[in-house]
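The values are calculated or read from the model by the stated rules, or taken from the named source; none is laboratory data. All of these numbers come straight from a predicted model, not from anything done at the bench. Methodologically, a virtual Cβ is constructed for each residue, glycine included, from the backbone with ideal geometry; neighbour enumeration extends over all protein chains shown.
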Amino acid sequence: MSSDKNFTDNQLVTISSCFGKKLKVTVFGGSHEPQIGVTIHGLPEGILIDFKKMEQFLSRRAPGNSIFTTPRKEPDTPVVEAGLMNGKTTGEPLTIIIKNTNTRSGDYSALRDIPRPAHADFTASIKYGDTINMSGGGPFSARMTAPLCIAGAIALQLLEDLGISIGAHLYSVGDVQDTPFDPVTAGETDFSPLRESAFPVISPEKGSAMQSVIKAAMAEGDSVGGVVECCAVGVPAGMGGPMYDSIEGHLAQIFFGIPAVKGIEFGNGFAGSLLKGSQNNDAFCIDNGEVRTLTNNHGGILGGISSGMPLICRLAFKPTPSISKEQQSVSLSRKENKKLMITGRHDPCVVIRAVPVVEAAMAIGLLDLLLSK
């Protein structure tokens with residue numbers, strides 16, 4: 001992954017972040033800039049893009065649809081700027097933008113001098129100075145996941161045509177954990193109801209408990225973190241490679257680009273470190289003429305290469321840094337300690353809107369690997 005900054009004298013610059021091999025994705029813009037967008041290189045010519053499906057997918061990530069998310073309401077309407085003719089890809093880079101229409105930059109004016117704890121304000125000031133617009137978090141904002149979801153919506157459509165399905169849910173919020181995907185039998189019948197839910201959990205009881213945790217944090221002016229579990233089925237065996245060509249490494253690069261992600265595990269992950277080899281190993285078997293495993297602690301990846309079993313990963317998201325409680329910070333200009341009260345509109349738990357974002361990242365990564373074969 002790389003970042004670019006294009007300096008123009010006496011003007012703010014636009015930051016872009018790029019990733020991918022055969023399918024190269026560039027996300028650009030900022031939370032309070034006129035627009036955000038994505039450019040995709042490497043899409044085959046003649047692909048018909050279903051924009052109705054894309055907008056439905058974007059609506060799952062959009063803010064302002066729940067008491068558990070930021071009230072900032074954005075239509076998130078995708079606008080094609082290049083690379084499409086008569087609804088089909090031309091083979092040239094595809095650029096799609098989203099206009100930012102509901103910004104309140106005044107909420108962030110004081111933060112140019114007093115950085116918010118756990119935000120990128122301080123580190124961005126060291127690297128970029130005053131050359132970028134950090135209102136609303138600028139290019140570091142979760143707002144930047146909207147163009148990522150545009151690319152993901154396209155990737156999901158192409159993967160669906162190849163028989164690959166992806167789903168995700170709230171694995172945990174705070175200390176409340178949902179029922180996990182069955183690592184052996186998970187499939188589209190599990191994913192479909194989650195896509196239709198405003199609070200995507202497998203267990204309704206656990207979902208209610210999660211909502212209580214979020215409400216309690218909101219009442220205290222605080223926030224909570226959580227984990228998203230994502231699963232892909234239909235992934236053919238043989239994708240990926242050893243060491244730095246591994247599926248884990250390829251996907252992790254994209255996953256860690258999602259704001260607030262602080263940890264990733266595949267398959268049994270960290271829990272596997274508590275087991276013996278005899279417990280963690282997945283025995284092979286023949287099922288309808290295909291080699292499979294009886295269990296799936298490996299999460300569909302062995303030696304960095306897909307095994308044909310469901311590909312399962314979990315992403316840990318930190319609590320939203322912007323909270324209503326008074327916090328300790330500093331004045332960068334005066335070099336003195338300062339107290340900070342953050343105003344503005346913020347998610348009390350970013351994990352809810354992160355579910356489709358993780359699906360998008362998984363889809364882009366898998367499609368890139370397929371196109372690179």
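Assorted remarks:
- Failed criterion for SER192 (all others in (1) of a type outside the set (A, V, I, L, M, F, W, C); (2) in contact with a Gly (Cβ under 9 Å, 6 or more places away or on another chain); (3) in contact (Cβ under 8 Å) with a residue 40 or more places away in the chain hold): (3)
- Remark: GLY225 matches the filter, which requires a residue to be closer than 30 Å to GLN35 by Cβ and of a type in the set (Gly, Ala, Ser).
- Checked against (1) exposed (fewer than 14 other Cβ atoms within 10 Å of the Cβ); (2) more than 18 Å from GLY304 (Cα to Cα); (3) not hydrophobic (A, V, I, L, M, F, W, C), GLY257 passes all but condition (1).
- For ASP222, the conditions (1) modelled with pLDDT of 95 or more; (2) surrounded by 14 or more Cβ atoms within 10 Å (Cβ to Cβ) all hold with the exception of (1).
- Taking segment 227-249 as the range and being touching a residue at least 60 places away in the same chain (Cβ under 8 Å), out of contact with any Gly (no Cβ under 7 Å at 6 or more places or on another chain) and at negative phi as the test, the residues that pass are VAL227, VAL228, GLU229, CYS230, ALA232, MET239.
- Taking the criterion of being closer than 30 Å to GLY240 by Cα, among the aliphatic types (A, V, I, L, M) and crowded, with 21+ Cβ neighbours inside 10 Å, the residues of segment 292-343 that qualify are ILE301, MET309, LEU311, ILE312, LEU315.
- Against the test of being at pLDDT 95 or above, part of a helix (DSSP H, G or I) and surrounded by fewer than 20 Cβ atoms within 10 Å (Cβ to Cβ), the options ALA252, ALA237, ALA151, ALA155 yield a single qualifying residue, ALA252.
- For the criterion of being within 21 Å of the chain's Cα centre (by Cα) and exposed (fewer than 14 other Cβ atoms within 10 Å of the Cβ), LYS276 fails.
- Apart from one condition, SER278 fits all of (1) assigned to a helix (DSSP H, G or I); (2) of a type outside the set (Asp, Glu); (3) under 22 Å from ILE164 (Cβ atoms); the exception is (3).
Matching residues to (1) modelled with pLDDT of 95 or more; (2) in contact with a Phe, Trp or Tyr (Cβ under 7 Å, 6 or more places away or on another chain); (3) in a strand (DSSP E or B); (4) not small (Gly, Ala, Ser):
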residue: ALA168; (1), (2), (3), (4): yes, no, yes, no
residue: ALA186; (1), (2), (3), (4): yes, no, no, no
residue: PRO200; (1), (2), (3), (4): yes, no, no, yes
residue: GLU205; (1), (2), (3), (4): yes, no, no, yes
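- For segment 279-332, a residue qualifies if it is in contact with a helix residue (DSSP H, G or I) (Cβ under 8 Å, 6 or more places away or on another chain) and either of a type in the set (A, V, I, L, M, F, W, C) or modelled with pLDDT under 90 (or both), and the qualifying residues are ILE301, ILE305, LEU311, CYS313, LEU315, PHE317, LEU332.
- Scanning segment 104-114 for residues that are buried (at least 20 other Cβ atoms within 10 Å of the Cβ), of a type in the set (Lys, Arg) and in a helix (DSSP H, G or I) turns up nothing.
- The C-beta contact set for segment 42-55 (first residue under 21 Å from GLY20 (Cα atoms), second residue assigned to a loop (DSSP other than H, G, I, E, B) and β-branched (Val, Ile, Thr), distance under 8 angstrom, 6+ apart or interchain) comprises GLU45/THR90.
- Screening ARG292 against (1) among the basic types (Lys, Arg); (2) under 20 Å from ILE166 (Cβ atoms); (3) within 17 Å of the chain's Cα centre (by Cα) leaves a single unmet condition, (3).
- For segment 303-336, the set of residues classified as assigned to a strand (DSSP E or B) and either in the same structural domain as VAL173 (by TED's automatic domain parsing) or of a type in the set (Phe, Trp, Tyr) (or both) consists of ILE305, SER306, LEU311, ILE312, CYS313, ARG314, LEU315, ALA316, PHE317, listed by residue number.
- Top-ranked residue in segment 215-240 [being within 23 Å of the chain's Cα centre (by Cα) and among the acidic types (Asp, Glu); ranked as nearest to PHE68 (Cα to Cα)]: ASP222
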